[in-house]
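So the structure is just underneath, and the comments pick up after that.
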Amino acid sequence: MVYDNVMNALMILITQGFLGSYVMMLTEFREPVWKWKLRWYVVLSLVVGANILLILCCDFWQIYTRVGILTVTLPYVATTLWCSRFKGLRVVFNICTCLWLGCIGNANGTLAHALLPENTWIHTLVRGVSYLALYFVVRNFRPYYLQMLRFLDRGWGVLCLIPTTTFLVTIYLINHLLQASPLPIAIVIYGVAVICTCSYCLMYLFFIRVQKEYELKNSQELMRVQIAALERQWDANKKTEEAMRIGRHDMRHQWMKLSALVEQGDKQAILDLIGAAQRGLDETDAKQWCQNPTLNAMFAFYFSLAEREGITVESKLAIPSQLPVDAAELSMVFANALKNAIKAAAALPNGNRKILCRCIDRPRLMLQVENTYAGDISFDSEGLPVSAEPGHGIGTRSIVAFCKKYDAFWEYQAEDGWFRLRISL
């Protein structure tokens with residue numbers, strides 16, 4: 001009995017060690033990440049350790065097979081909800097997915113033991129190898145899941161039904177039927193696993209559809225902004241042309257008046273007249289941020305939007321007439337960056353709202369957009385800023401897609417109260 005308890009405790013240790021690594025990979029922890037990871041690790045180590053001690057010292061194994069959901073699974077859910085950046089059914093989906101994967105390893109080990117009962121280590125060995133293989137599956141699944149975690153803001157209840165139902169059915173088959181009829185029940189378990197895997201493939205396709213909807217919505221919004229910016233620029237040009245037409249019409253009267261003042265020798269009046277004429281010309285000048293009309297319209301729109309939000313904008317834009325990239329795509333990059341910068345800076349008190357926009361064309365085209373911000377900003381494994389807001393991140397990923405298309409260097413950085421985006425083409 002003591003030997004069996006030791007083997008069972010060892011299997012629990014291996015199982016929970018791998019399942020914990022799965023959950024950790026699929027969890028976006030709160031800030032500061034290291035602190036909440038440590039809390040999660042300590043609490044769940046105590047929970048698992050307590051269950052192992054009960055198995056070793058109190059012959060708890062038979063009870064554990066019936067109430068393990070209460071003594072381990074629920075603490076997993078509660079602790080992960082406490083430490084995770086995201087809440088609710090997203091966390092339940094994460095843990096139930098990992099538990100279902102754990103059931104596959106458990107089923108493999110139990111089937112191996114049923115087929116080779118004389119080998120006392122076969123169960124533990126096969127389970128450990130299965131968990132190791134599943135670790136690489138989870139690691140490859142992780143980037144897609146984290147994207148879905150950030151973008152998908154509906155449907156998590158339905159998605160949770162798949163791994164939860166599969167886990168409950170599989171754990172019942174393993175604990176109550178697999179030992180008695182290993183081969184038939186194993187076939188049923190693997191059949192359920194195949195169905196669940198197909199369901200995850202459908203989930204992935206559903207996520208791709210949702211992501212495309214967000215991207216389309218973002219593109220439509222930016223297109224609307226570009227159209228509005230071009231219309232605004234067109235109106236400004238029309239007003240400038242009208243003012244210049246009126247100025248040309250009035251010019252002959254000014255020359256006649258100037259001639260009269262010259263004959264009279266009134267120098268001060270001559271200077272006042274010239275100054276007034278110069279001020280009139282200055283007022284008719286439309287602000288030109290760069291030579292490219294698409295980019296110029298975009299800058300005019302967002303800079304005026306920033307000014308209406310009380311944001312101080314400083315710009316130094318040396319953008320050549322001949323661009324190494326498509327002007328419309330580059331304007332989308334600036335639009336995404338400035339849109340995010342305005343949103344972040346507008347959250348600050350008046351006087352602290354600032355945006356710096358710089359671009360140089362030598363030795364190569366390089367741009368930088370900076371803005372003040374409040375709060376904490378964390379970055380994912382790709383160096384992209386992350387947020388718990390639904391749908392957040394489409395703009396930043398659009399910028400990265402642009403950089404990858406043109407083999408450009410990009411970097412997001414947050415320090416000393418300034419958030420920066422740098423791109424070098």
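Key figures for this structure:
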| read-out | value |
| --- | --- |
| Residue pairs, from the table K37/K405; K35/K212; K87/K217; K212/K339, whose Cα atoms sit over 31 Å apart | K37/K405; K35/K212 |
| Percent RCO, i.e. relative contact order, over region 2-211, from Cα pairs under 8 Å lying at least 6 residues apart | 24 percent |
| Two-decimal Rg/Rh across region 167-214, once Rg and the Kirkwood Rh are taken from alpha-carbon atoms | 1.26 |
| Value in Å of the Kirkwood radius, where region 102-205 supplies the Cα pairs that are averaged | 15.0 Å |
| Mean Cα-pair separation over length for region 287-425, i.e. relative contact order, pairs under 8 Å, 6 or more apart, % | 21 percent |
| Cα-only Debye scattering, region 1-99: base-10 log of I(q)/I(0) at q = 0.16, 0.24 Å⁻¹ | -0.66, -1.24 |
| Distance in nm between pseudo-label sites at A78 and W418 (7 Å out along the Cβ direction from Cα) | 4.7 nm |
| Value of D in µm² per second that Stokes-Einstein yields for region 2-211, Kirkwood Rh from Cα pairs, at 10 °C (1.306 mPa s) | 89 µm²/s |
| Loop trypsin sites (Lys or Arg not before Pro), region 106-214, which have at most 14 other Cβ atoms in a 10 Å radius of their Cβ (DSSP) | R154 |
| Solvent-free Debye scattering, log10 I(q)/I(0), computed from the Cα coordinates of region 287-425 at q = 0.09 Å⁻¹ | -0.25 |
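Read-outs throughout are calculated quantities, based only on the coordinates presented, and are distinct from any laboratory measurement. Just so it is clear, the model here is predicted, and its values are computed rather than measured. Cβ atoms come from the backbone with ideal geometry, glycine included; neighbour counts cover every protein chain shown.
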